[in-house]
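Here the structure is laid out as structure tokens; the discussion comes afterwards.
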Amino acid sequence: MQGELPQSSCDAGESTSEPVKACLKIAKQLGRRPNLKCADLAVRLSRITPYRAEIEWCKGSCDKSDEKLGYYNAFKQRGSSKRGHKVNMNRHKLSAF
């Protein structure tokens, strides 16, 4: 047999609490708690969302323009326009996220 069964649930809880405490201690040493990671990601996403919206707006305006250039073709042909540069910077910020 593996051992005696404890007489009460309190005794059983004491025998399992030590491994659980050790596991939690190791997890805390390895990194931030999952709730903090989720909150940090939510804050970072809220900072990035305006950049994504601006790129989507630029894509829509390129598609509706008289030249009928798509976003990617307009981006390549415009070269160093101020709007193209800003969209490119936003694209890099999104890729870093």
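For the range 43-50, the criterion of being within 17 Å of Arg83 (Cα to Cα), surrounded by 10 or more Cβ atoms within 10 Å (Cβ to Cβ), in contact with a Phe, Trp or Tyr (Cβ under 9 Å, 6 or more places away or on another chain) and of a type in the set (A, V, I, L, M) is met by none of the residues. Just so you know, in the range 51-75 the residues that are among the aromatic types (Phe, Trp, Tyr) and at pLDDT 75 or above include one that is surrounded by the fewest Cβ atoms within 10 Å (Cβ to Cβ), and it is Trp57.
Is it true that some residue in the range 7-20 is assigned to a loop (DSSP other than H, G, I, E, B) and at pLDDT below 70? Within the range 7-20 (the criterion being assigned to a loop (DSSP other than H, G, I, E, B) and at pLDDT below 70), the answer is yes, since at least one residue qualifies.
The values are calculated or read from the model by the stated rules, or taken from the named source; none is laboratory data. Bear in mind the structure is a predicted one, so any value in this text is a computation, not a measurement. Every residue, glycine among them, receives a Cβ derived from its backbone with ideal geometry; neighbour counts consider all protein chains shown.
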